[in-house]
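The values are calculated or read from the model by the stated rules, or taken from the named source; none is laboratory data. What you are looking at is a predicted structure, and each value in this text was computed from that prediction instead of being measured. With ideal geometry, Cβ positions are generated from the backbone for all residues, glycine too; neighbour counts draw on all protein chains shown. Heavy atoms of the whole protein, side chains included, go into the accessibility calculation; ligands, DNA and RNA do not. Shrake-Rupley method; radii C 1.70, N 1.55, O 1.52, S 1.80 Å.
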Amino acid sequence: MKNCIKMTEFERQYNIYLHMVEAGLEKFLPLQRQVWPTSGIPANLAAAMRYSLLSGGKRLRPVMLLASYNMLSEKVEDALPFAAAMEMIHTYSLIHDDLPAMDNDDMRRGKPSNHKMFGEATAILAGDALLNHAYETMAQSNHPLAIKALTHIAYHAGASGMIAGQAADLAMEEEQPDMDMVYYIQRHKTSDLFMGAMKAGLALAGADSTWINAAESYALHYGLAFQITDDILDIIGDEHVLGKSIGKDQSSGKMTWPGTVGLEKAKLDAQTHIEKAIQAAETFGSSGAFFVSLAKQIQNRVK
Ligand code: GRG
């Protein structure tokens, strides 16, 4: 066949999960047409929630949740409320991260950030609402292991997880680079949500602690490689491809991996963490092939 680019098995599988996630987000997201003030969600709040949640993105965390579940169970549909919830939590964190009080970013996913479209107050509320809606969606799933999954997600998204990473990231602006601190920031800001996603997917499928521990290790190293690459792209990436401005880390005095160890060493470290993630995925045997490919994809990341 002429001009035919063969899709890899990994890409085919990713696309299946991706389509499920997109459908799940539509299904579990509150509708825009509400009767207010008698009932329902204020229309502009619903619009702000939908604007950011349905504005694209790689959907990595929900895909990882579905793929984790799918290693042990074929009934992937049963994990969909949790996958959708994962993306709601991720999206809330991006909306809040973009606010002037945090990273003050005008663009996200190639579009004006939420507060640029709806104003700061509505953006804060849209983030709050997405976070609450995530837990409502999981609680209403009726999955017998919902509490286990929800507990993993709450822990890793919470005050000693992603939020701790964000707090440290903000507190360390303009401070002298320190490797232990960079590790702390990136482990929590980035790896923790990947951990929550994988552990939730596995918990829903009834995985034992060996697999849960392997998922934690995979997500730790995957997240570090992902974030180091993100920091590198902030220096040498393409703004149009990334859908956001570059050079922000340096101008805001962020403590980053390449800023601490240098660009070339950061590239080597990213590769080391990719290899460690692949090593962790070996625990899953042949079922872990998707995760091996996912880790390798970081090498090709341009956005
Ligand atoms: C506000 C509590 C709170 C937390 C914010 C997510 C986050 C923590 C900050 C965003 C900035 C940042 C660099 C976070 C690290 C994780 C990361 C690289 C997020 C972007 O995730 P992608 O690349 O984005 O998966 P898409 O748009 O594809 O979903």
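Report in % the part of the accessible area of the chain that belongs to carbon and sulfur, leaving out ligands and nucleic acids; probe 1.4 Å. Roughly 55 percent of what the probe reaches on the chain is carbon or sulfur.
Residues whose amide H comes within less than 5 Å of that of LYS111, counting only those at least five positions distant or on another chain, are absent (H built at 1.01 Å from N in the peptide plane).
For LYS111, the aspartates and glutamates whose Cα falls under 13 Å of its own Cα, not counting residues fewer than eight places away in the same chain, are ASP98, GLU239. Taking label points 7 Å from Cα along the Cα-to-Cβ direction, LYS303 and ILE16 give a separation of 2.5 nm. Here's how it looks for LYS254: its modeled amide H is under 5 Å from those of GLU174, which are all 5 or more places away or on a different chain.
If you sort the three axes of the alpha carbon gyration tensor as a ≥ b ≥ c, you get a/c under 1.5 for the chain, which makes it rounded. Distance between Cα centroids, the range 97-114 to the range 234-264: provide it in whole Å. One Cα centre to the other: 16 Å.
Probing with 1.4 Å while keeping every protein chain in the model, the per residue accessible area of the range 2-302 equals 46 Å². By the rule of a C-alpha distance below 16 Å, with chain neighbours fewer than 8 residues away ignored, the lysines paired with LYS296 are LYS58, LYS267, LYS276.
So what's the back-of-envelope 222 nm ellipticity for the chain, counting only DSSP H runs of four-plus at -39500 (n - 2.57) apiece and dividing by all residues, rounded to 500?
-20500 deg cm²/dmol
Given axes a ≥ b ≥ c from the Cα gyration tensor, I'd like to know whether the range 87-207 is rounded (a/c under 1.5), prolate (a/b larger than b/c) or oblate. Taking the square roots of the gyration eigenvalues as a ≥ b ≥ c, the range 87-207 is oblate.
Remind me, relative contact order of the chain in percent, using alpha carbon pairs under 8 angstrom and six or more residues apart?
So the answer I get is 18 percent.
Packing, taken as the mean count of other beta carbons within 10 Å per residue, orders the peptides 72-83, 158-169 from highest to lowest as 72-83, 158-169. Between amide H atoms placed 1.01 Å from N, distances below 5 Å from ASP106 occur with no residue 5 or more places distant or on a separate chain.
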